[in-house]
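As structure tokens, the structure follows; a few thoughts come after it.
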Amino acid sequence: PKALLEAMSCGVPVVATDVPGIRNVVTDGETGILCRPDVESLRSAIVRILGDSELRNRLGENARKFVLSKFSLDQSCRTELELYSRVLAGSPQG
């Protein structure tokens, strides 16, 4: 979820659905808010984040720290280049 990581790296508090891939990046209540993939759950999470400036600030700061420590630009580029190299070599699973 590159767009999610980019937002988090900017310190933006995120609301995301609790689905595979996303839950590997967002820890509910720590680096963002996870919600069910339905309108009411999404609405509730957005209202919660908009109504609590302390929560917004904390989530944004934690998200930025998390992304910078785990998904730096250098690390992301290395990971993608390694994947491309494996694919070109005929071994996508490593």
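The values are calculated or read from the model by the stated rules, or taken from the named source; none is laboratory data. These numbers were taken from a predicted model, which means no experiment stands behind them. Counting neighbours? That spans all protein chains shown, and the Cβs are built from the backbone with ideal geometry, glycine included. Just so you know, the surface numbers come from the protein's heavy atoms only, side chains and all, with ligands and any DNA or RNA stripped out. Shrake-Rupley method; radii C 1.70, N 1.55, O 1.52, S 1.80 Å.
Within the chain, which whole H helices from DSSP have a Cα span along their axis of at least 15 Å and a mean Kyte-Doolittle hydropathy of 0.5 or more, if any?
In the chain, the long hydrophobic H runs are 39-50.
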**Message:** So, taking all protein chains as they sit and a 1.4 Å probe, how much accessible area belongs to LEU88, in Å² rounded to tens?
**Reply:** 150
**Prompt:** What does the charge dipole of the chain about its Cα centre add up to, to the nearest 20 debye, if the Cβ of each Lys and Arg holds +1 and the Cβ of each Asp and Glu holds -1?
**Reply:** 100
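Chymotrypsin sites (Phe, Trp or Tyr not before Pro) within the chain: which are DSSP loop residues with at most 11 other Cβ atoms inside 10 Å? Walk me through the intermediate numbers first.
Details: sites: PHE66, PHE71, TYR84; in loops: PHE71.
Of the chymotrypsin sites (Phe, Trp or Tyr not before Pro), not one in the loops of the chain has a Cβ with at most 11 other Cβ atoms within 10 Å.
Quick one: if the Förster radius is 25 Å, what FRET efficiency do SER72 and THR17 give, using the C-beta to C-beta distance and rounding to 0.05? Don't jump to the answer; show the numbers that get you there.
Numbers: r = 25 Å, r/R0 = 1.01.
After rounding to 0.05, the efficiency reads 0.50.
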**Asked** Just from its helices, what would the mean residue ellipticity at 222 nm be for the chain, if runs of 4 or more DSSP H residues each count -39500 (n - 2.57) and the sum is divided by every residue, rounded to the nearest 500 deg cm²/dmol?
**Response** -18500 deg cm²/dmol
**Asked** Under a 5 Å amide H to amide H cut-off, with H placed in plane at 1.01 Å, what residues pair with ILE33 once short-range neighbours are removed?
**Response** VAL14, VAL15, ALA16
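Give me the percent of the accessible area of the chain that comes from carbon and sulfur atoms, probe 1.4 Å, all protein chains in place.
Accessible surface attributable to carbon and sulfur in the chain totals 56 percent.
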**Prompt:** Here are several values of percent of Cα pairs over 17 Å apart: (i) 61; (ii) 54; (iii) 51. Which one was derived from the coordinates shown?
**Reply:** (ii)
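Please calculate how many Å² of accessible area region 1-77 carries per residue, with a 1.4 Å probe and no DNA, RNA or ligand atoms counted. Provide the component values of the computation, followed by the final result.
Working: 4820 Å² over 77 residues.
I get 63 Å² per residue for region 1-77.
What FRET efficiency, computed as 1/(1 + (r/R0)^6) with R0 = 35 Å and r the Cβ-Cβ distance, is obtained for GLU40 and THR79, rounded to the nearest 0.05?
Numbers: r = 36 Å, r/R0 = 1.03.
Between GLU40 and THR79 the formula returns 0.45.
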